[in-house]
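Chemist: Okay, handing you the structure first.
The values are calculated or read from the model by the stated rules, or taken from the named source; none is laboratory data. Predicted model only: the values in this text are computed from it and were never measured. All Cβ positions, even for glycine, are placed from backbone atoms using ideal geometry, and neighbour counts span all protein chains on display. Keep in mind that these areas ignore ligands, DNA and RNA; they rest on the heavy atoms of the full protein, side chains included. Shrake-Rupley method; radii C 1.70, N 1.55, O 1.52, S 1.80 Å.
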Amino acid sequence: MRKTAPMLLAAALLLPGALIHAQDPPQGSQAQETLDIYFIDTEGGQATLFVSPGEQSMLVDTGFAGNAAATPPPAGTAPPAAAGRPAVGRDAERILAVLGQAGVTVLDYVVITHYHGDHVGGAAELASRIPIRNFVDHGPYTVELQPNRSAGFVAYRTVRDRARAIVPKAGDKIPIAGLDVLVVSSAGELLTTPIPGAPAAGAPNPLCRNAQMKVPDPTPENIESIGLVVRYGNFRLLTLGDLTWNQEHRLVCPNNWLGTFDVFHTSRHGDPNSSAPQMVHALRARAAVMNNGERKGGAPEVWRIVREAPGLEDLWQLHRSAAGAATHNSPEQFLANVNETDHGHYLKMSVRPDGSFAIVNERNQFTKEYPARAANAAPSSER
Ligand SMILES: [Zn+2]
């Protein structure tokens, strides 16, 4: 929820005669018509903010707790704690700063894709500083709940109990105003039917014929990840948390249940246990955003799989990947953070209902426009 409404209400209460105009937008402003998406840098964790044209907000994951990080921030760069408010860690501060810029004063939905510390870590800290109406998660923590891995989940459980908690199944929707948000994976269950109305959904996927499967690595909690398809008009984005290779395979083989997309937000930070090419190459995304850290994810072999996806125009990265070196990183202007000292920059995407969108690199204000696809130029009848 944005702050415009309470400010209008306050003005209406304070100013005689103002009530008659309380329904009008403030002079010079317009109701938001774009879906704004902020890919926030949490150094190899995840925190993605969606602000809908219906003026509701959905944060997908909360980064790390405290200052735990693959790469510690340089000395003296942490923002000062605000007077009279609880101190929070680096990632919660970064998320709060972006919420402030976006004008979000209440989080309508916080989706916890799964209970690893780079996703659930900042939830309790955030809840100490901003009201959270609904948590969305995959339910019980069953597969990895061990003393040395439980801190993030245990802290989250205390704030989860004070909000409304939603535990969706694959096929359910998150009812955020102005958007169509479909759950395609949760608690190990996957969508097994085509998404109704989605372009090319249900078509046989020829990439399955010679597709490889992988021996799962010993982190089964990733398999529980909540995966989402976010649609706004003709625009579609896929974000699967840390879902792994074999689950990605099942979402698109033998038939592609998901359809095609405009934007793919990479699974598991660009780690080679995810990003199966039989899925990544079937999505036909125009742009990909890799939620890697400098030294987490961003694996060269994954970078190549995403970069070589048919139809991909640009691969944006939250960080230059140290492992990627000179050959497996995108050009500098597509990288939100490029060296050891400039961490914390985000990428902002603004989406219009005709399917066109723009991406801005907050570090250098480099902006790229993606015009509506010719086939999508007509307004969708689903709007
Ligand atoms: Zn992760």
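Chemist: Would you mind giving the three semi-axes, in whole Å and largest first, of the ellipsoid equivalent to the range 118-215 according to its Cα gyration tensor?
Modeler: 31, 20, 11
Chemist: Add +1 for every Lys or Arg and -1 for every Asp or Glu among the other residues with Cβ under 12 Å from the Cβ of PHE366, and state the total. Intermediate values should be presented prior to the final figure.
Modeler: Working: positive: LYS348, ARG363, LYS368; negative: ASP314, GLU332, GLU362, GLU369.
It works out to a net charge of -1.
Chemist: Expressed in nm to one decimal, what extension gain is obtained for the pair ARG85 and ARG162 from 0.36 nm per residue of sequence separation less their Cα-Cα distance?
Modeler: On the way: separation 77, 0.36 × 77 = 27.72 nm, distance 1.92 nm.
Between ARG85 and ARG162, full extension yields 25.8 nm more.
Chemist: Taking a probe of 1.4 angstrom, what is the accessible area of VAL215 in Å², to the nearest 10?
Modeler: For VAL215, solvent-accessible area is about 130 Å².
Chemist: Order the peptides 141-148, 359-366, 160-167, 270-277 from the highest to the lowest mean number of other Cβ atoms within 10 Å of their residues.
Modeler: Output ranking for 141-148, 359-366, 160-167, 270-277: 270-277, 359-366, 160-167, 141-148.
Chemist: Accessible area of the range 207-296 with a 1.4 Å probe: how many percent of it is carbon plus sulfur?
Modeler: 53
Chemist: Follow-up question, since we're still on this one. Mind giving me the FRET efficiency for SER128 and LYS169? R0 is 41 Å, r the Cβ-Cβ distance, nearest 0.05 is fine.
Modeler: Computed FRET efficiency for SER128 and LYS169 comes out at 0.85.
Chemist: Leaving out ligands and nucleic acids, note down the accessible area per residue over the range 250-383 with a 1.4 angstrom probe, in whole Å².
Modeler: 37
Chemist: Only Lys, Arg, Asp and Glu count, each charged at its Cβ (+1, +1, -1, -1), so figure out the dipole size of the range 290-383 about its Cα centre, rounded to 20 debye.
Modeler: Dipole magnitude for the range 290-383 comes out near 120 debye.
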